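Here's the structure, in structure tokens; my notes come after.
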Amino acid sequence: MQPRVVLVTGVSRYLGTRLASTLAADPSIERVIGVDTVQPRRDVLDQLGRTEFVRADIRNPLIAKVITQAEVDTVVHMNVIATPLGAGGRTAMKEINVIGTMQLLAACQQAPSMRKLVVKSTTAVYGSSPRDPALFTEDAGPKSLPKSGYAKDAVEVEGYVRGFGRRRPDVTLSVLRFTNFIGPVIETPLSRYLSLPVVPTVLGFDPRIQLCHEDDGIEVLRRCVLEEHPGIFNIGGRGVLLLSQAIRRVGRPSIAIPSPAVTAVAQVFRRAGLVDFSPEQMRYLEHGRVADVSRAEREFDWVPRSTAEAMDSFVDRAPRLVSPETIAAAEQRLLGLLTRAPKEPARA
Amino acid sequence: MPEAKIIPLHGPSDPPSSPGTAKAPPTRKAAPTRKAAPAAPKAAPAAPAPPAAEPTAWESKLAGGLAFLRRRLTGDYEIDDFGFDPDLTEHVLLPPLRPLYDKWFRVETRGLDNVPDIGGALIVANHSGTIPLDALMTTLALHDHHPAHRSLRLLGADLVFTLPLVAPLARKSGNTLACNADAERLLAADELVGVFPEGFKGIGKPFSERYKLQRFGRGGFVSAALRTGKPIIPVSIVGAEEIYPIIGNSKTVARILGLPYAPITPLFPLLGPLGAVPLPSKWIIEFGEPIETADLGGPTAADDPMLVFNLTDQVRETIQSTLYSLLMQRRSVFF
């Protein structure tokens, strides 16, 4: 079924803007309506194209009017936020995430025009613990439910979405659990963390991380809007990187912090506004999390960029303190010195 | 309630800007440069070799070592989904074990040809020795002495992945958590999976109970093999029981440290760190005949608890009887 009127929540944030502009560029879609509490930044207005903007809070019943008046048939819910700092504190964040979702779903349930709901969720719903299987499949429940923060919100949001699916079985429901986003532009807690001049890690742990390229995220969301892909899907690149490996790829030194001090250090970073890592994300830095993305690859018949490729696109944007070429040159020089072998011509 | 007002961002005449113009397509310049880097140093030992200066053994060793260091410093190595880092395992983790294997325990392997060259199989072995040296020695036996140099992917207890320092090392050397999901995933990917079903009951048992197999868990390993239709290879390890004979177990210390047991051996903690040196027993690792599971009915068979219990018992009996016959053949503990 071709969508006619698409509503995108969280449109003023990076991914929301990009999705709205992608959809706006598709002539087969009649209207694209973006909703957010703040106006999109001036420099992205051009990108948004013919997107109409509604300045509304999804926590407010006003959203129901927008949906019924515009006869919205497809809703893309991207307004579950991960960073308390951006939302104005944890309380506000929780309200936007949970109450906002409840209001939005209530409005959707009332709207006879509704045909499809696409929810941007996260693999954080699986939690992060030493008892996790190496790869989470979509059916795997978390070993221990996330107790706080973003992950808990995401679990609750998914719960409400499931409830909505029961009450409106005629609506196509796609829940996309994204791994950590990274890419040339996107700003996430992880990208800021990896951009620190010295990257703090937890002593004695080296988690596996899995990344999703920002363009691939947009592509999946776009296809969910235009095509029918009901179900829950893990979205991310194949393969994993160790955190230490990722830090070395961005060419930065790391400093290991013993786990009793980790919470205090994280607090300092949060206060300083450097990296907004919540406690459950600190657990991620210990145990990591990897999802099995094969179901999505089969469903969409498409292979997104691997974790390593996504990482490369990020590496290009951050100036490296030590480039791999320098290290390779140093290696050759050292080897030449030690073996007194005829010097190799300098490599480019 | 305020009226919902739609604010157009642009006049209707405004042409929609095409998405993606503002965003450059992802450049992946880094990939080729990095990919190019490892190729050169690999050739490096050969590259400065105009026939006059043939690189000596230590020179190529040095080049290899430096290349390894560079790979580590630039993060230019591959790991699999489970966190297995073959580069690190090969160059750092396994080499220090070789003297222990060759000189200290003088490990003798039997029946290595029972382990297939390709394809998945489940290695099931008895567990003993206070610390899991038997796991490391079995890994090394298969890596160094099997014709196909296979990597053994062990299934470890929860505790292993909770401990700092130990957890990442365990993953990097190819081990993963003992759970059905991981076992089946590895077997389906044609890996050689190793499991010690006795767990802590086996490795922490007192010296008086040496070579007496403990309960074999709940048979989870059998159902994993049944579901994937891979053979089970029973393995009997003799010699590991004597490396740290447990004569006592300090339950209080164990409770305080959150460990399953706190061993007291004749030398430990009496001699302090010196007591941590294992006794040089002579080891024999025998790989038994594979027990095929492919024709037993696949996933439906895995849901038949009776079949699973029977198969678990069969594996256990095989290992136990092999252990007894190996003990009969052994002349002494140390030779």
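The values are calculated or read from the model by the stated rules, or taken from the named source; none is laboratory data. Because the structure is predicted, anything quoted here is derived from the model rather than measured. Virtual Cβ from ideal backbone geometry, glycine too; neighbours counted across all protein chains shown. The area values use the complete protein model at the heavy-atom level, side chains included, leaving out ligands, DNA and RNA. Shrake-Rupley method; radii C 1.70, N 1.55, O 1.52, S 1.80 Å.
One table, with the values for the structure above:
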read-out	value
Residue within the stretch A:53-60 that is surrounded by 21 or more Cβ atoms within 10 Å (Cβ to Cβ), of a type outside the set (S, T, N, Q), within 24 Å of the chain's Cα centre (by Cα) and more than 19 Å from A:ALA107 (Cβ to Cβ) present	no
Sole residue being in contact (Cβ under 8 Å) with a residue 40 or more places away in the chain and either touching a Lys or Arg at 6+ places or on another chain (Cβ under 8 Å) or not acidic (Asp, Glu) (or both), chosen from A:ARG320, A:ARG298	A:ARG320
Positions within the stretch A:283-311 being over 19 Å from A:ALA140 (Cβ atoms) and open to solvent by 10 Å² or more (accessible area, probe 1.4 Å), in sequence order	A:GLU286, A:ASP301, A:TRP302, A:VAL303, A:PRO304, A:ARG305, A:SER306, A:ALA308, A:GLU309
Test result for A:ILE255, over 24 Å from A:TYR150 (Cα atoms), open to solvent by 30 Å² or more (accessible area, probe 1.4 Å) and either touching a residue at least 60 places away in the same chain (Cβ under 8 Å) or among the aliphatic types (A, V, I, L, M) (or both)	yes
Residue match in the stretch A:226-242 (condition: over 30 Å from B:CYS179 (Cα atoms) and in contact with a helix residue (DSSP H, G or I) (Cβ under 6 Å, 6 or more places away or on another chain))	yes
Selected residue (criterion: nearest to A:ARG18 (Cα to Cα)) from residues of the stretch A:42-56 that are at the interface with another protein chain (Cβ under 7 Å from one of its Cβ atoms) and among the β-branched types (Val, Ile, Thr)	A:THR51
Flag if A:PRO230 is open to solvent by 60 Å² or more (accessible area, probe 1.4 Å) and at pLDDT 95 or above	yes
Any chance A:ILE81 is open to solvent by 10 Å² or more (accessible area, probe 1.4 Å) and farther than 25 Å from A:PRO3 by Cβ	no
Selection within the stretch B:195-226 - closer than 18 Å to B:CYS179 by Cα, among the hydrophobic types (A, V, I, L, M, F, W, C) and in a helix (DSSP H, G or I)	B:PHE200, B:PHE221, B:VAL222, B:ALA224, B:ALA225, B:LEU226
Subset tally (residues that are at positive phi and crowded, with 18+ Cβ neighbours inside 10 Å) for the stretch B:212-252	3
Any chance A:ALA70 is within 12 Å of chain B (Cβ to nearest Cβ), open to solvent by less than 30 Å² (accessible area, probe 1.4 Å) and among the small types (Gly, Ala, Ser)	yes
Top-ranked residue in the stretch A:75-129 [being within 30 Å of B:ALA167 (Cα to Cα) and touching a Leu at 6+ places or on another chain (Cβ under 8 Å); ranked as modelled with the highest pLDDT]	A:SER121
The one condition in (1) within 21 Å of B:VAL166 (Cβ to Cβ); (2) hydrophobic (A, V, I, L, M, F, W, C); (3) at pLDDT 95 or above that B:VAL92 fails to fulfil	(3)
Odd one out for B:ILE319 among (1) under 19 Å from B:THR228 (Cβ atoms); (2) open to solvent by less than 40 Å² (accessible area, probe 1.4 Å)	(1)
Options A:ARG248, A:ARG305: the member that is under 19 Å from B:GLU78 (Cα atoms), touching a helix residue (DSSP H, G or I) at 6+ places or on another chain (Cβ under 7 Å) and in contact (Cβ under 8 Å) with a residue 24 or more places away in the chain	A:ARG305
Residue ID - farthest from the other protein chains (Cβ to nearest Cβ), chosen from residues in the stretch A:132-156 that are part of a loop (DSSP other than H, G, I, E, B) and modelled with pLDDT of 85 or more	A:GLU138
Filtered residues of the stretch B:261-272 (kept if aliphatic (A, V, I, L, M) and open to solvent by less than 30 Å² (accessible area, probe 1.4 Å))	B:ALA262
Qualifying position, being within 25 Å of the chain's Cα centre (by Cα) and either surrounded by fewer than 14 Cβ atoms within 10 Å (Cβ to Cβ) or of a type outside the set (A, V, I, L, M, F, W, C) (or both), among B:GLY258, B:GLY298, B:GLY275	B:GLY258
The lone exception for A:PRO207 - which of (1) more than 9 Å from chain B (Cβ to nearest Cβ); (2) in contact with a Gly (Cβ under 7 Å, 6 or more places away or on another chain) it fails	(1)
2 or more residues surrounded by fewer than 22 Cβ atoms within 10 Å (Cβ to Cβ), within 11 Å of chain A (Cβ to nearest Cβ) and not acidic (Asp, Glu): qualifying helices (runs of 4 or more DSSP H) within the stretch B:85-184	B:158-162, B:166-172
Meets criteria (open to solvent by 60 Å² or more (accessible area, probe 1.4 Å) and free of Cβ contacts under 8 Å to residues at least 40 places away in the same chain) for A:GLN39	yes
